[in-house]
1. Quick check: the distance between the Cα centres of segment 261-301 and segment 152-178, to the nearest angstrom?
2. May I ask you to compute the full-extension gain from Ala73 to Glu204, defined as 0.36 nm times their residue separation minus their alpha-carbon distance, rounded to one decimal in nm?
3. With every protein chain kept in the model, how would you rank Thr213, Thr199, Thr268 by accessible area, 1.4 Å probe, largest at the top?
4. Rank Arg151, Arg106 by accessible area, highest first, at a 1.4 Å probe radius?
5. Please work out how much length the chain gains when fully extended from Arg104 to Ala135, using 0.36 nm per residue of separation minus the C-alpha to C-alpha distance, in nm with one decimal.
6. With the dipole of segment 1-130 worked out from charges on the C-beta (+1 for Lys and Arg, -1 for Asp and Glu) around the Cα centre, which of Met31, Asn5, Trp63 lies farthest toward the positive end?
7. Can you tell which of Val30, Val231, Val112 shows the greatest fluctuation in a Gaussian network model of the chain with Cα springs below 10 Å?
8. Taking Cα atoms, how many degrees apart are the long axis of helix 181-193 and the longest axis of the chain, rounded to 10 and kept between 0 and 90?
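The values are calculated or read from the model by the stated rules, or taken from the named source; none is laboratory data. Every value quoted in this text rests on a predicted model; they were computed, and no experiment measured them. Counting neighbours? That spans all protein chains shown, and the Cβs are built from the backbone with ideal geometry, glycine included. For the accessible areas, the whole protein counts, side chains as well, though only heavy atoms, and no ligand, DNA or RNA atoms are used. Shrake-Rupley method; radii C 1.70, N 1.55, O 1.52, S 1.80 Å.
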Amino acid sequence: MLRRNVLIFHNAALGDFVLTWPVAVALSRVMAQSRVKYVTAGEKGRLAERALRVEYADVENGWHALHAAAGAALAEGPAKLLSGLQLAVVFAQGDAAAFVENLRQRAGEAPVIVLAPKPPGGTHVWDHQLAELAAVPWLASAVGQVQAMARSRGLCATPPGDAARVVIHPGSGAARKNWPIERFIAVAEELKARGRSVTFVIGEVEREQFADTALAGIRATADVVSPNDLVALHDTLTASAAYVGNDSGPTHLAAALGRRVVALFGPTSDAASWAPVGPHVHVAPFDTTPETVIDLLAGPSTFDQG
């Protein structure tokens, strides 16, 4: 059987997922005759398909046997993909020893590259990826080139959005990572006063995190959208020119899409390791004022990162 399946295994949050994308783009370029697929949650897979034009296999559809005892039966779909495996890359979360061993048993002669997603303190996750790929020089070189492209012009080729529109996502996976909501509202009010259109992205997490009075203040200030999946979030971001948010998955996505991004990183967030990457990104601390955020959005075409 012709082996041309390149599988990338990832099972973590959106921000972590977006930060793996240079690997997928590099593999798609270097192994252009192969089928590059993410094996991940279906919603993230559909996002990668939309943003990167790579395929995906839903990790919930028959892949569980790789986490079970050795020799457990694998569903037909995964078994077929592994029978044609050319290369596997695993972003290993937690104790993945059993998963990796089971995968290697089924991989035949196909290489299995295991990467630890979490970098050591003070090292950005992309630099950590390159260090871990040092033993695979051809892939390290390709990933490095894609990272450089992402920093200069964005990772995903998307058309320019509405130059007047700014998206604000005031939430995150943890309330401690959230810049005060009244400051986001102040940013929105000033942007509108300057003729910009503002859209707040509010999802289920934000509805749980914020008091009703805060949500009412958001609705009174600007338009509110609630994308029903990550593809809809992608489309909301690509329709805009700029973005303001916290240490969150949507912030990483906006940066990857090449949007002008101001990311508010508080004292519990590690910007040195997890800063979003893009051509127009500025990472700002929590003591940043709304006025400064406005200035950054209106500043030079490329922001300093860090």
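1. Between the Cα centre of segment 261-301 and that of segment 152-178, the gap is 11 Å.
2. 43.5 nm
3. Putting Thr213, Thr199, Thr268 in descending order of accessible area: Thr213, Thr268, Thr199.
4. Final ranking, largest accessible area leading: Arg151, Arg106.
5. My answer for the length gained is 9.4 nm.
6. Met31
7. Maximum among the listed residues: Val30.
8. Result, in degrees: 70.
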